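Okay, structure first, notes after.
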Amino acid sequence: MVCCASLIVLALACCWRSASFAQNALPTASPEDRALAREIFKQLTEINTTDTPKGSVTAGSVAMQKRFLGAGFPAEDVHLLGPDPRKMNLVVRLRAAGPTTEKPVLFLCHMDVVEALRSDWHTDPFEFVEKDGYYYGRGTQDMKDSDAALVATFLRLHKEGYKPKRDLILALTADEEGGKFNGADWLVRQHRDLVDAAYVINPDSGGVELDHGRAVVADVEATEKVYSDFQITATNPGGHSSRPRPDNAIYELTTALSKLAAYTFPFELNEVTRTYFTNLSGQETGQMAADMHAILATPPDLAAAARLSVEPSFNSNFRTTCVATRLNAGHANNALAQTAQANVNCRIFPGHSPEEIRQQLIGIFADPKLSVKYVSDSYIVSDTAPERKAMAPPAPIPEVFGPLTKLTQALWPGVPVTPVMENGASDSIYFALQGIPCYGFSAIALERDDDRAHGQDERLPVDSYWKSLDFFYSFAKAVGKDRE
Ligand SMILES: [Zn+2]
């Protein structure tokens, strides 16, 4: 107890270290708890939350609001709010037992799903079908599974009279997959008081990778790159194509893009990618292992980094990347182009701002006649880009990684927990931009070759759902600082 009383973060780590979990010794959900969790999963899957005329995130939020209020959550702890009638978010708070100075923990779950066409599927995507050990339906992987598991977990904790030592918050949000009303961004900027937290757990990323049923690794997203689009434009007076001029919008643009193609942003590592490659190097052999060790040295071996960069996923982990993704030029076959335009999509390494990268692009193009503008998520074009940097990730904190490791070991014995940097984007970025650390872990185990998110016949193994349910119950209690 002495060590537990001394320092909160260390205390937790030391308590977790001394606790011994036998294999599969987690408290498991009762048959009634499972039945309710399945019912919620079915209900959410069957509510169409696509960003289409048929879809409504609000319908999902209202259905869950009814469940929380019906279960006896106080009305002041269940907030339905949003900037659009069809895009209402739900924020639920499980209150601490008494006054506390500990900041809450936020579970962030998007409720919207990608459109699915009945004609593309073998079952109705908005019907929850259990077949051959799987749940089928749009969102069963991304991410109605975790939405439902967390709703069920909050309801169960409340039913059991569990009082955390800090507030636990669940936010069910709109427009992660697309649409103009991103709920995570809106909530953290407009209603910070409702979602302010010591850190965010986002089950939209990470998870356990299965290889023919064998759990291999548990990925935890500990940071992500910043998504930015830039609009590059060359203009010209144009004229008749029978009389070409020395200056030409298409040639100026393509010359600039060729310079970008030849350019490589500098090699970088942060706490997360360093840990990732340290862990990975232990599983590799030969030149690959040697190169991984070499990039971790001080100073890093850039020749080794160049060899590893041939693999696109490694390259993305090493640096900011910018690549031309769209082109548009000219207005007639027999006219000189008056405008040539490209979209350049950048994935910016944490610690750099979009404006910093915009300035670098201007330097790379080295053509003052080109304009380099920023395109926002809602397609608004502006002369400058945001100065805000995604924070460089903190070292994985014991308060999160302690229980995460213990629980992972209990559910998937021997599987290493590895922090990773996401090269794509999730809603975590909106919280990270506001200085709130985010950890992405789904507690969902999936076969490596069965990722059907956004695709047809999306499905989840039934057993994966039960495991995630047991995981979140114990994890919520751990970060809620339950020490029963
Ligand atoms: Zn998702």
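The values are calculated or read from the model by the stated rules, or taken from the named source; none is laboratory data. Just so it is clear, the structure is predicted and the values come from calculations on it, not from any experiment. Cβ sites come from the backbone with ideal geometry, for glycine too, and all protein chains shown count toward neighbours. Each accessible area value is taken on the protein alone, full model and side chains, heavy atoms only, with ligands, DNA and RNA left out. Shrake-Rupley method; radii C 1.70, N 1.55, O 1.52, S 1.80 Å.
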>> Let me check I've understood the local charge: for Phe265, count other residues with C-beta under 14 angstrom from its C-beta, Lys and Arg +1, Asp and Glu -1. What total comes out?
In response: +3
>> What do you get for chymotrypsin sites (Phe, Trp or Tyr not before Pro) in region 368-465 restricted to DSSP loop and a cutoff of at most 16 other Cβ within 10 Å of the site's Cβ?
In response: Tyr379
> Which percentage, to the nearest 5, of the DSSP beta bridges contained in the chain is antiparallel?
Replying inline: 70 percent
> With Cβ to Cβ distances under 15 Å as the rule, what net charge do the other residues near Gly70 carry (K, R +1; D, E -1)?
Replying inline: +2
> Residue by residue through region 359-374, which ³J(HN,Hα) values in whole Hz follow from phi under the Karplus form 6.51 cos²θ - 1.76 cosθ + 1.60 (θ = phi - 60°), with glycine and proline marked x?
Replying inline: 5, 5, 4, 4, x, 5, 5, 6, 9, x, 6, 7, 9, 10, 10, 9
> Hey, what do the phi angles of region 263-268 turn into as Karplus ³J(HN,Hα) couplings, whole Hz, using 6.51/-1.76/1.60 and θ = phi - 60°, x for Gly and Pro?
Replying inline: 8, 10, 5, x, 5, 9
> According to the Kirkwood expression over distinct Cα-Cα pairs, how big is the hydrodynamic radius of the chain, in Å?
Replying inline: 24.3 Å
>> Restricting to DSSP loop positions (anything but H, G, I, E, B) with no more than 16 other Cβ atoms inside 10 Å of their own Cβ, which trypsin sites (Lys or Arg not before Pro) remain in region 316-403?
In response: Lys369, Arg388
>> Just to confirm the filter: which trypsin sites (Lys or Arg not before Pro) across region 54-155 are DSSP coil and have at most 13 other Cβ within 10 angstrom of their Cβ?
In response: Lys54
>> Could you tell me the relative contact order of the chain? Use alpha-carbon pairs under 8 Å, at least six residues apart, and round to a whole percent.
In response: 24 percent
> Leaving out same-chain residues fewer than 8 places away, which lysines sit with a Cα under 22 Å from that of Lys54?
Replying inline: Lys42, Lys66, Lys87, Lys144, Lys180
>> Working only with C-alpha atoms, what are the Rg and Dmax values of region 270-320, expressed in angstrom?
In response: 9.8, 28
>> What number comes out for accessible area per residue over region 175-257 if the probe is 1.4 Å? Units Å², please.
In response: 42 Å²
> Ignoring ligands, DNA and RNA, what percent of the accessible area of region 331-484 is carbon or sulfur (1.4 Å)?
Replying inline: 50 percent
> Stokes-Einstein at 25 °C, 0.890 mPa s, Kirkwood radius from Cα pairs: D for region 314-456 in µm² s⁻¹?
Replying inline: 130 µm²/s
> Separation of region 406-484 and region 132-209 by C-alpha centroid, Å?
Replying inline: 11 Å
